[in-house]
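The values are calculated or read from the model by the stated rules, or taken from the named source; none is laboratory data. Keep in mind that this is a model prediction, so the values were computed, not measured. Virtual Cβ from ideal backbone geometry, glycine too; neighbours counted across all protein chains shown.
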Amino acid sequence: MTSSPQQIQEAATPSLKADMIAAIPSLRAFAVSLSGNADRADDLVQETLVKAWANLGSFQAGTNLSAWLFTILRNVYYSEYRKRRREVADSDGAFAAQLIEPAAQDDHMNFLDFRSAMQKLPADQREAIILVGASGLSYEEAAKVCACAVGTMKSRVNRGRNKLTELLNASPANPLPTKTETPAKSETSDE
């Protein structure tokens, strides 16, 4: 708990200030031994002194000031260590890019497109796709259900899948070709 300005003023005697300043080299040496980095050690010492100053009202006069400061420094170091341990260095954003989840509404919209395309299939092809593709029946079992030959069932499934692929790949930017349109043939030369 942070001390009030009045508590800090009362506790901040000239001798306490001098003792805090005198403890800085020892605090820095301890911080370097913990962090292994001089710049990081300076930051730890500064954070320790800020926290100590803010909580000066909780320091009991007559006790060991150095021990109190060392405890604060150690606690600051381990708190920041635990916090950094959960962080991932990702300066180029590669890791964050892997965490992206595709938007859920796309799946719903794709499903609606699929349902619409299924409804556009002829009834016999739709039934064949559902029996073989969705229900997991073999061609033979599906042929028995529909009272048709196995070859007819295979043909219906194949034509249904092709039509679904055609319907689902159509978009305003890539419309389905009409029956009067034919794809342009590329001219190749054997020279």
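Odds and ends about this structure:
- Residue within segment 44-51 that is closer than 16 Å to M20 by Cα and among the acidic types (D, E) present: yes
- Restricting segment 43-81 to residues that are of a type in the set (D, E, K, R) and under 19 Å from S33 (Cβ atoms), the residue that is surrounded by the most Cβ atoms within 10 Å (Cβ to Cβ): E47
- In segment 71-84, the residues that are free of Cβ contacts under 8 Å to residues at least 60 places away in the same chain form Cβ pairs under 7 Å with partners that are aromatic (F, W, Y) and surrounded by 11 or more Cβ atoms within 10 Å (Cβ to Cβ), at six or more places apart or across chains, as follows: L73/F30.
- From the list L34, L49, the one residue that fits, being under 19 Å from S15 (Cβ atoms) and in a helix (DSSP H, G or I), is L49.
- Qualifying helices (runs of 4 or more DSSP H) (wholly inside segment 104-182; at least 3 residues being of a type in the set (S, T, N, Q) and modelled with pLDDT of 90 or more): 150-169
- Once segment 2-31 is narrowed to residues that are modelled with pLDDT of 85 or more and buried (at least 17 other Cβ atoms within 10 Å of the Cβ), the residue that is nearest to Y78 (Cα to Cα) is A31.
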